[in-house]
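As structure tokens, the structure follows; a few thoughts come after it.
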Amino acid sequence: MCRLLLVKSDELFEAKTFLEKFSEVSKNSSEFQGHGWGCSMLVENEWKHYKSIKPVWEDDLSKFGKASLLIAHARSAFNDDGISVENNMPFYDDKYIFIFNGELRGVKIKSEGRIGAEKIFNFIIKFDKGNIEEAIIKGVNIINRRTAYVRAMNFIIADKENVYLYSKFGENPEYFTVHFKSEKQLVICSEKFPGENDWVEIENNSLNKF
């Protein structure tokens, strides 16, 4: 059960500012989020990716500059298993960036990937015939039908223009409810930033396009 962050803006912003808040959210989470982290930044219309096995709150966040889009993920490995930088998110291909938080039990789908989140990403992407929103709807409908129990399935898929957030959980809404705010920037996070109340809860069992 991980922590997710996305920041999108028409103007460049300092990634460090948001990563520091995200690191505080991750460090103080009710679940341990220290099995590594990673981020993808859109800089001058090119993606730059970073992954580390360190907890995000132990990394040097001052090395990250300005971006127009930031996607970050702090990992809590299921059963403390598979702790390696290769299993850290974001996962990505030539077009899409993907981050995931959740737990599925009794999943019966065929898909490539080292861990469950990567399998879900690859499973959804294979339905993309030019409309990723339709691919997400088709993919999650099949996953939901072929899963014994969805404890939670929260994920973000983003390209350089659009952001898609899917959220579904069957328990613990305090932990699994995703939040967002949209003022100067669009900010999506697994939890509200400390000391801030101007956030909106994402509806359970919903697909949102930003």
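Quick look at the values:
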{"item": "For region 15-104, convex hull of alpha carbons as volume per residue, Å³", "result": "96 Å³"}
{"item": "Listed residues F13, F210 arranged by accessible area, highest first, probe 1.4 Å", "result": "F210, F13"}
{"item": "Value of relative contact order over region 67-210, rounded to a whole percent, pairs C-alpha under 8 Å and six or more apart", "result": "19 percent"}
{"item": "Carbon/sulfur fraction of accessible area - region 79-210, other protein chains in place, 1.4 Å, %", "result": "43 percent"}
{"item": "Rounded, prolate or oblate (a/c below 1.5 giving rounded, otherwise prolate when a/b exceeds b/c) for region 83-129 by Cα gyration tensor", "result": "oblate"}
{"item": "Separation between Cα centres of region 147-204 and region 10-46, rounded to whole Å", "result": "15 Å"}
{"item": "Per-q log10 I(q)/I(0), the chain, q = 0.08, 0.10, 0.18 Å⁻¹ (Debye; single scatterer per alpha-carbon; no solvent)", "result": "-0.24, -0.38, -1.39"}
{"item": "Distant-in-sequence amide H partners of F91 (H built 1.01 Å from N, under 5 Å)", "result": "F98"}
{"item": "Largest to smallest accessible area among I109, I124 [probe 1.4 Å]", "result": "I109, I124"}
{"item": "Backbone HN-Hα couplings from phi across region 122-136 [Karplus 6.51/-1.76/1.60, Hz, Gly and Pro as x]", "result": "5, 5, 5, 4, 5, 8, 6, 10, x, 9, 5, 5, 5, 5, 4"}
{"item": "Accessible-area ranking of H49, H73, largest first, probe 1.4 Å", "result": "H49, H73"}
{"item": "Rounded if a/c under 1.5, otherwise prolate or oblate - region 117-210, Cα gyration tensor axes", "result": "oblate"}
{"item": "Computed over region 10-59: relative contact order in percent, which uses C-alpha pairs under 8 Å that are six or more apart", "result": "33 percent"}
{"item": "Surface accessible to a 1.4 Å probe, per residue, for the residues of the chain, Å²", "result": "48 Å²"}
{"item": "Surface accessible to a 1.4 Å probe, R151 within the full protein complex, Å²", "result": "30 Å²"}
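The values are calculated or read from the model by the stated rules, or taken from the named source; none is laboratory data. Everything quoted here is computed from the prediction, not taken from an experiment. Accessible surface areas use protein heavy atoms only, side chains included; no ligands, DNA or RNA. Shrake-Rupley method; radii C 1.70, N 1.55, O 1.52, S 1.80 Å.
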